[in-house]
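The values are calculated or read from the model by the stated rules, or taken from the named source; none is laboratory data. Here the structure is a predicted model, which means the values were calculated and not measured. Heads up, the Cβs are rebuilt from the backbone with ideal geometry, glycines too, and the neighbour counts pull from every protein chain shown. Note: accessible area is taken over every heavy atom of the protein model, side chains too, but ligands, DNA and RNA are not part of it. Shrake-Rupley method; radii C 1.70, N 1.55, O 1.52, S 1.80 Å.
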Amino acid sequence: MKKYLVLAMRTPRFDPAVLQPHKDFLKQLSDRGQLVESARFTDGTGGAYFIAAENLDAAKELAFADPVHTTGSSAVTVYEWEPTTP
């Protein structure tokens with residue numbers, strides 16, 4: 001499994017009602033062992049999380065199922081994470 005960074009940046013269509021479904025989504029990923037870590041940005045622009053997946057396509061499939069993405073509340077991008085330090 002590889003690690004992927006998911007950035008979720010709020011759009012002008014952001015709806016605070018999506019936060020609970022988003023948290024529920026992250027909990028499901030955590031329960032399946034796919035969520036590594038998550039955090040919100042303190043300036044209110046969005047957040048990020050790390051997921052474990054077999055490849056970039058699988059990581060995108062997971063991230064694009066996030067309610068913040070499916071509702072258009074946030075623009076979601078996925079990057080393969082390759083640490084350069086131990």
**Message:** As I understand it, the value is the acute angle between the Cα axis of helix 19-31 and the longest principal axis of the Cα atoms of the chain; what does it come to in degrees, rounded to 10?
**Reply:** 20 degrees
**Request:** Quick one: which residues, 5 or more positions from W81 or on another chain, have an amide H under 5 Å from its amide H? H modelled 1.01 Å from N in the peptide plane, none for Pro or chain starts.
**Result:** K3, Y4, L5
**Asked** What GluC sites (Glu not before Pro) in the chain are in a loop by DSSP, with at most 15 other Cβ atoms within 10 Å of the Cβ?
**Response** E54
**Request:** Can you list which of the chymotrypsin sites (Phe, Trp or Tyr not before Pro) found in segment 12-58 are DSSP loop residues with at most 15 other C-beta atoms within 10 Å?
**Result:** F41
**Prompt:** What share of Cα pairs, in percent, lie more than 18 angstrom apart in the chain?
**Reply:** 37 percent
**Prompt:** What percent do you get for the relative contact order of segment 2-80 when only Cα pairs under 8 Å and 6+ apart count?
**Reply:** 51 percent
**Message:** Can you give me the accessible area per residue for the chain, using a 1.4 Å probe, in Å²?
**Reply:** 64 Å²
**Prompt:** Of the heavy-atom accessible surface of the chain (probe 1.4 angstrom), what whole percent is carbon and sulfur?
**Reply:** 55 percent
